[in-house]
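Working notes, beginning with the structure itself.
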Amino acid sequence: MYVKNESVKEINFLASAKCQNFTYQVDDTGIEADEKGKKIVRAGTVYKKDGKAIGLVFADVDVTNGPQPAAVMVEGYVLEARLPEEVSAEDKATMPEIKFR
């Protein structure tokens, strides 16, 4: 019997236990495949709908085989230094319920 172990590293970017998430469809457009050929949208990535930032992707989402539903955090406190990429001031302005520390 063959068993393949893989470890996953997902950095905790939450600054508090209280947050509000809603489910949205995460698109696979513009996501580049990693060394294993998987397209992963990282937790903490800014989620935009119609070009406007509305929240942060709450957990990693595999969009290798097309768009997938995902939890998007729309309210809560986050540790900005732990996010996968810097959030622009314009995006922060459209997400007033997310507090960056």
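The values are calculated or read from the model by the stated rules, or taken from the named source; none is laboratory data. Just so it is clear, the model here is predicted, and its values are computed rather than measured. Here the Cβ is made from the backbone with ideal geometry for all residues, glycine too, and neighbour counts use every protein chain on show. All accessible areas refer to the heavy atoms of the entire protein, side chains included, with ligands and DNA or RNA removed. Shrake-Rupley method; radii C 1.70, N 1.55, O 1.52, S 1.80 Å.
Return the carbon/sulfur percentage of the accessible area of the range 19-99, one whole number, probe 1.4 Å, all protein chains in place. Kindly include the intermediate steps, with their values, before the conclusion.
On the way: 2260 of 4850 Å².
Answer for the range 19-99 is 47 percent, counting heavy atoms of protein chains only.
Extent of the chain along its three principal axes (Cα atoms, max minus min coordinate, largest first): 50, 28, 22 Å.
In this structure, the pairs whose alpha-carbon distance is over 28 Å, taken from 18/49; 9/48; 52/99; 4/99; 49/99, are 4/99. Among beta bridges identified by DSSP and lying wholly in the chain, the antiparallel ones come to about 85 percent. Other residues whose C-beta falls under 14 angstrom from the C-beta of residue 70 contribute a net charge of -1, scoring Lys and Arg +1 and Asp and Glu -1. Once the C-beta distance of residue 80 and residue 2 is scaled by a Förster radius of 35 Å, the resulting FRET efficiency is 0.25 to the nearest 0.05.
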